[in-house]
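Down below is the structure, laid out as structure tokens.
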Amino acid sequence: MPLHFNDLDVISKTDGITSALIVPCNMCPAVTVAVREKKPFMQLFKSLLKSAPFENYLKELQHRLKENGVRTKIFRSYLYHQWFMCMWTSGRQKKLEKYTKQYEAVIVLGCESATETVREAVKSYNCKVIEGMEVTGIVNAKLKLQSPCNISFTDCKVIAKSKKEKRSLRVINKAVA
Ligand code: SF4
């Protein structure tokens, strides 16, 4: 099941910045937003490629950033295999690298693996990487298909990350570094 997130304070982290590229992972963050708003994750009869609650979330974020003087653009991933930032192709990473050169900062909406994908893309030049969400646990839910072509999650629980798990992740990260 997907990861579950809390929002982080992006606005204060963009103080003094005038432009930012928002890079959303379309999978776990979109599920998180749909679950917390108790709305369908996908409404396939309306759109095959977008989750409406997450789209509203992105619009709202752009609006708040604009009010803080930050011009933004969303780095869109339309194809399903591009939805998972932890598994992007090198071509996709190169495209991101090209786009980020026009911005002072990149706002990542996703987990540490998504952030790592972005850090790799911007490592050769000075671009601030801002995390817009933090992982709180893993979603446990029942997938529900409803007429007409809605995909929702019900009976949702968040299995919190344990301290032990966080510690062992740090050990694994050190071992592979
Ligand atoms: S990058 Fe992270 S948030 Fe995105 S699909 Fe992979 S595990 Fe989920």
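The values are calculated or read from the model by the stated rules, or taken from the named source; none is laboratory data. Just so we're clear, the structure is a prediction, and the values are computed from it rather than from any experiment. All Cβ positions, glycine included, derive from the backbone under ideal geometry; neighbour counts span all protein chains shown. Side chains are part of the model used for accessible areas, which takes the heavy atoms of the whole protein and leaves out ligands, DNA and RNA. Shrake-Rupley method; radii C 1.70, N 1.55, O 1.52, S 1.80 Å.
Which listed residue (LEU3, HIS81, TYR57) has the Cα farthest towards the positive end of the charge dipole for region 1-138, taking +1 on Lys and Arg C-beta and -1 on Asp and Glu C-beta about the Cα centre?
HIS81
Per the 1.4 Å probe, what fraction of the accessible area of region 1-121, in percent, lies on carbon and sulfur atoms?
Roughly 54 percent of what the probe reaches on region 1-121 is carbon or sulfur.
Mean residue ellipticity at 222 nm from the helices of the chain, using -39,500 (n - 2.57) per DSSP H segment of n ≥ 4 over the full residue count, to the nearest 500 deg cm²/dmol?
-11000 deg cm²/dmol
Please list the non-local residues whose amide H lies under 5 Å from the amide H of MET27, H modeled 1.01 Å from N, same-chain partners needing a gap of 5 or more.
MET85
Greater than 22 Å separation of Cα atoms is the criterion. Which listed pairs, LYS98/LYS128; LYS39/LYS59; LYS13/LYS50; LYS73/LYS123, meet it? Working shown, then result.
Working: LYS98/LYS128 15 Å; LYS39/LYS59 17 Å; LYS13/LYS50 27 Å; LYS73/LYS123 20 Å.
Where the Cα-Cα span goes over 22 Å, the pairs concerned are LYS13/LYS50.
For TYR80 and ASP15, compute 0.36 nm times the residue count separating them, minus their Cα-Cα distance, and round to one decimal in nm.
Working: separation 65, 0.36 × 65 = 23.40 nm, distance 3.37 nm.
Taking 0.36 nm per residue and subtracting the Cα distance, the gain is 20.0 nm.
Eigenvalues of the Cα gyration tensor times 5, then square-rooted: what semi-axes does that give for the chain, in whole angstrom, largest first?
Values: eigenvalues 134, 92, 52 Å².
Rounded to whole Å, the semi-axes are 26, 21, 16.
Which residue fluctuates most in the GNM of the chain (Cα springs below 10 Å): LYS13, LYS39, LYS98?
Ranking LYS13, LYS39, LYS98 by mean-square fluctuation puts LYS98 first.
Tell me which residues come under 5 Å, amide H to amide H, from ILE107 once H is placed; ignore anything under 5 positions away on its chain.
LEU21, ILE22, VAL23, ILE130
Which aspartates and glutamates, if any, have their Cα less than 14 Å from the Cα of LYS101, not counting same-chain residues under 8 positions apart?
GLU120
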